[in-house]
Structure formats: structure tokens, C-alpha cells
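Q: Here it is, the structure, as C-alpha cells.
The values are calculated or read from the model by the stated rules, or taken from the named source; none is laboratory data. Predicted, not measured: the structure shown is a model, and the values here were computed from it. Neighbour counts run over all protein chains shown; Cβ positions are idealised from the backbone, glycine included. Each accessible area value is taken on the protein alone, full model and side chains, heavy atoms only, with ligands, DNA and RNA left out. Shrake-Rupley method; radii C 1.70, N 1.55, O 1.52, S 1.80 Å.
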Amino acid sequence: MNEGVVAAEIVLRKKKGFNIPIGSWIRGELKELFRSTLLAGELVKSGLFKREGLAILLESHIEGKTDNRKKLWTLFVLAVWMEEWQT
């Protein structure tokens, strides 16, 4: 990198990850996608998860009562995988 273009404290610092705003996306523009995927998709159809439990987890997050973003993201990815590979 060219010297003087970026400050030395930036160039020399340790690598740092970044987070995506999945929690706010679930409350916003991805809300309906998460509802349809988690509550009417393969997770429920498979019998592995109860719709009522998934609904509580999702709605509690959407309403801002709890931060369930990691659980919801994991369940969402599993549901999408199941839709692709379980049939």
C-alpha cells in the first residue's frame, strides 16, 4: 500500500472482523422471508421443530424483546438447506 495514503495505525492494526446487521434485517426487510421460511417451510414440515416455538423465537426478536439473531440465522440457513436438499 502507498505510504501516507492510509494512516499507519490503520495499516498496522490487527485484523478486525465486521458484523452484518442481520438482527435489524430480520426486524425489517427480511421479516416476511423469515416468517415464511421458518414458520411454513421444511423445518415445520419435517417435524423437527414446533411451529409455535419457532414463532415465539421469531416474534420475540421482531418485537425487540430478545436478541435471537444468531439462533434465527442458524435456523434460517438450516431451513433453506432442507428446502434445497430434502426433497
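Q: Can you tell me which residue in segment 33-51 is modelled with the highest pLDDT, limited to those that are surrounded by fewer than 15 Cβ atoms within 10 Å (Cβ to Cβ) and among the hydroxyl-bearing types (Ser, Thr, Tyr)? Walk me through it before giving the result.
A: At the first step, the residues of segment 33-51 found to be surrounded by fewer than 15 Cβ atoms within 10 Å (Cβ to Cβ) are 33, 36, 40, 45-48, 50-51.
Cutting the leftovers down to among the hydroxyl-bearing types (Ser, Thr, Tyr) gives us 36, 46.
Values: Ser36: 97, Ser46: 93.
Within segment 33-51, the match that is modelled with the highest pLDDT is Ser36.
Q: Just the residues that are more than 16 Å from Glu83 (Cα to Cα) and open to solvent by 90 Å² or more (accessible area, probe 1.4 Å), please, taken from segment 52-73.
A: Those that are more than 16 Å from Glu83 (Cα to Cα) and open to solvent by 90 Å² or more (accessible area, probe 1.4 Å): Glu52, Ile56, Glu63, Lys65, Asp67, Lys70, Lys71.
Q: Within segment 12-32, count every residue that is of a type outside the set (Gly, Ala, Ser) and open to solvent by less than 80 Å² (accessible area, probe 1.4 Å). Full working, then the answer.
A: Initially, segment 12-32 is screened for residues of a type outside the set (Gly, Ala, Ser), giving 12-16, 18-22, 25-27, 29-32.
Next cut, open to solvent by less than 80 Å² (accessible area, probe 1.4 Å) only: 21-22, 26, 30-31.
Final tally of qualifying residues: 5.
Q: Same structure again: Answer yes if at least one residue in segment 3-19 is within 30 Å of Trp85 (Cβ to Cβ) and touching a residue at least 24 places away in the same chain (Cβ under 8 Å), and no otherwise.
A: No, that holds for no residue.
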